Amino acid sequence: MTTLDDLPLRSELKGRSPYGAPQLDVEVRLNTNENPYSLPEPVAEAVEQALAAVLRDLNRYPDREAEALRADLAAYLGAATGHDGLTGANLWAANGSNEVQQQLLQVFGGPGHLAMGFSPSYSMHEILAAGTGTQWHDAQRGADFALRPESASSLVRVYQPDIVFLCSPNNPTGTALDLEVIESVAREAPGVVVVDEAYGEFAREGTPSAVTLLPKYPRLIVTRTMSKAFAFAGVRLGYLAADPAVVQAVQLVRLPYHLSALTQAAARAALANSPLLLAQVEAIKTERDRIVAGLRALDLTVADSDANFVLFATPTRDQQATWQALLDRSVLVRDVGLPGWLRVTAGTHDETTWFLEAMAEVVADQR
Ligand code: PMP
């Protein structure tokens, strides 16, 4: 049988395994930061009608530049972040924010170029770098996982990366970055700075989006997604906001007609109903805060969360034992490979209760 080792793989891909979390059949699935609520019925109906309206034109390619969708995204993002100057020219959309980030690496990275991130952070950034032949430098955060303006910018000064990835709120730690950190990196960076705001809608009060910095920094790029707050993960719709020149640069590498007519129609229908869809965000934040408080009440160390998930220290350094003990109670959480830590997604009220009760038992067993 032929194995991967028999193939002439590029050296940076040798020995790797595909990204992904276990997909197990359990009662309470809290391991991939999905929104636990399905689409509200009126939104599902609006999406259905929008899809029906394009079905008979599927013999034609879609709008290659997704102009109408980008204008809708600009209106949503401008209102959500308080940046009133955004237009469709500032926006770009693709099949999930992962694809947007891959396109950015294709434009600004590639062989002979360096991308850099601050781990622990979203591990796909490094995987996308490998896939595009971009060299990667992993700058480590301190024990408290914080990122400070001076240390972040001094690392950028030393390594001179073509692309810096920042993640805010950061996955897996959950905490948002101060805009000061983003500004200090944007001032120092010789190339582009990508702020991954996949969880931006879940941030706590008073945490502004990096979108508000765009007018000041033409090489700053903010990526966002409809996969989390919009409960639209199955559609695959991510986007970026940046200077129009960045959008033009991405158009140099995008595949023609990369975003299907069905995706564009579904996303526009969802955006037209964004207040209804986003109504669930408050409920999720309430459960997120309940997890933070509940785990702290068990005397566990818990990172502050601006996201729909929480990183917590396990009773012992052996996080795999806690992961397994939770699984034994039909709760699936995420082992992100950080010794002594696990990540749990905020679920519905009942799922969160199930998780907290299971954790109380596990802590009692493992202490
Ligand atoms: N960025 C971060 C930080 C994420 O956690 C995720 C999803 N796990 C993504 C981007 C990708 O989201 P999508 O491709 O669904 O937009």
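Observations, loosely collected:
- Residue in segment 147-157 that is at pLDDT 95 or above, within 16 Å of the ligand (Cβ to nearest atom) and either crowded, with 19+ Cβ neighbours inside 10 Å or over 21 Å from the mean Cα position of the chain (by Cα) (or both) present: yes
- In the set (1) surrounded by fewer than 20 Cβ atoms within 10 Å (Cβ to Cβ); (2) assigned to a helix (DSSP H, G or I), the condition left unmet by L73 is number (1).
- Residues considered: A283, A266. Of these, the only one that is in the same structural domain as A46 (by TED's automatic domain parsing), touching a residue at least 12 places away in the same chain (Cβ under 8 Å), part of a helix (DSSP H, G or I) and over 18 Å from the mean Cα position of the chain (by Cα) is A266.
- Taking (1) surrounded by fewer than 19 Cβ atoms within 10 Å (Cβ to Cβ); (2) among the aliphatic types (A, V, I, L, M); (3) modelled with pLDDT of 95 or more; (4) out of contact with any strand residue (DSSP E or B) (no Cβ under 6 Å at 6 or more places or on another chain) in turn, L128 satisfies each apart from (1).
Residue-wise test of (1) crowded, with 20+ Cβ neighbours inside 10 Å; (2) aliphatic (A, V, I, L, M).
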{"site": "E34", "(1), (2)": "no, no"}
{"site": "P40", "(1), (2)": "no, no"}
{"site": "A44", "(1), (2)": "no, yes"}
{"site": "E48", "(1), (2)": "no, no"}
{"site": "A53", "(1), (2)": "no, yes"}
{"site": "L58", "(1), (2)": "no, yes"}
{"site": "E65", "(1), (2)": "no, no"}
{"site": "L69", "(1), (2)": "yes, yes"}
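- Criterion violated by A66 - all others in (1) in contact with a helix residue (DSSP H, G or I) (Cβ under 8 Å, 6 or more places away or on another chain); (2) farther than 30 Å from A245 by Cβ; (3) in the same structural domain as V192 (by TED's automatic domain parsing) satisfied: (2)
- Filter pass, A297 being more than 20 Å from T32 (Cβ to Cβ), at pLDDT 95 or above and among the hydrophobic types (A, V, I, L, M, F, W, C): yes
- Here P315, P256, P244 are screened, and the one residue that is in contact (Cβ under 8 Å) with a residue 24 or more places away in the chain, buried (at least 19 other Cβ atoms within 10 Å of the Cβ) and over 22 Å from the mean Cα position of the chain (by Cα) is P315.
- Close pairs from segment 100-112: first within 17 Å of V222 (Cα to Cα) and modelled with pLDDT of 95 or more, partner of a type in the set (S, T, Y) and within 12 Å of the ligand (Cβ to nearest atom), Cβ under 9 Å, at least 6 apart: V100/T223; V100/T225; V100/Y239; Q101/T223; L104/T223
- Filtered residues of segment 88-125 (kept if near the ligand (Cβ under 9 Å from one of its atoms) and surrounded by fewer than 23 Cβ atoms within 10 Å (Cβ to Cβ)): N95, G96, N98, E99, Y122, M124
- Within segment 133-146, the set of residues being surrounded by fewer than 22 Cβ atoms within 10 Å (Cβ to Cβ) and either within 19 Å of D178 (Cα to Cα) or free of Cβ contacts under 8 Å to residues at least 40 places away in the same chain (or both) comprises Q135, W136, H137, D138, A139, Q140, R141, G142, A143, D144, F145, A146.
- Consider segment 333-367 and keep the residues that are in a loop (DSSP other than H, G, I, E, B) and over 15 Å from Q319 (Cβ atoms). The one that is nearest to the chain's Cα centre (by Cα) is A346.
- Hey, R290 within 28 Å of L338 (Cβ to Cβ) and crowded, with 17+ Cβ neighbours inside 10 Å or not: yes
- Counted residues, segment 183-231 - those being in contact (Cβ under 8 Å) with a residue 60 or more places away in the chain and over 19 Å from D84 (Cα atoms): 15
The values are calculated or read from the model by the stated rules, or taken from the named source; none is laboratory data. As the structure is a computational prediction, the values presented were derived from the model and not from experiment. Every residue, glycine as well, gets a Cβ built from its backbone with ideal geometry; the counts of neighbours run over all protein chains shown.
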